[in-house]
Amino acid sequence: MIYNYKSFFVTMLSVEVMYLGVVSSFVLYGTAFHDANASVYGLLILIFAACESAVGLGLLIVLYRFGSAVSFDAYSSLHS
């Protein structure tokens, strides 16, 4: 569902939106049921999402410098 054959950027953006949905779910659960652990787990997932987006942005920059394109179709050397 999140694998897009056209663009790496759209794929990474889809993953980030899913992370934000999970974080908001944890925070809302923690607020509704007065559970501090849920907010801590939400914060940890948010930190993980920030690290993942930094790695994804680095990959995006490397792919653009390598082939001057961001689409998956432009990189036939990456296919097995």
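The values are calculated or read from the model by the stated rules, or taken from the named source; none is laboratory data. Every value quoted in this text rests on a predicted model; they were computed, and no experiment measured them. A quick note on method: Cβ atoms are made from the backbone with ideal geometry, for glycine too, and the neighbour counts reach across all protein chains shown.
Could you list, in sequence order, all residues of the stretch 20-45 that are under 24 Å from S7 (Cα atoms) and in contact (Cβ under 8 Å) with a residue 12 or more places away in the chain?
Of everything in the stretch 20-45, those that are under 24 Å from S7 (Cα atoms) and in contact (Cβ under 8 Å) with a residue 12 or more places away in the chain turn out to be L20, V22.
If a residue must be farther than 22 Å from T11 by Cα and among the charged types (D, E, K, R), how many such residues does the stretch 21-68 contain?
Residues in the stretch 21-68 being farther than 22 Å from T11 by Cα and among the charged types (D, E, K, R): 1 in total.
Working only within the stretch 38-72, note down all residues that are at pLDDT below 75 and either surrounded by 10 or more Cβ atoms within 10 Å (Cβ to Cβ) or touching a helix residue (DSSP H, G or I) at 6+ places or on another chain (Cβ under 6 Å) (or both).
G67, A69, V70, S71, F72
With (1) modelled with pLDDT of 90 or more; (2) within 15 Å of the chain's Cα centre (by Cα); (3) of a type in the set (F, W, Y) as the list, and F33 as the residue in question, which single condition is left unmet?
(2)
Within the stretch 1-37, track down each residue that is farther than 26 Å from A69 by Cα, loosely packed, with under 14 Cβ neighbours inside 10 Å and hydrophobic (A, V, I, L, M, F, W, C).
Scanning the stretch 1-37 gives L20, L28, A32, F33, A36.
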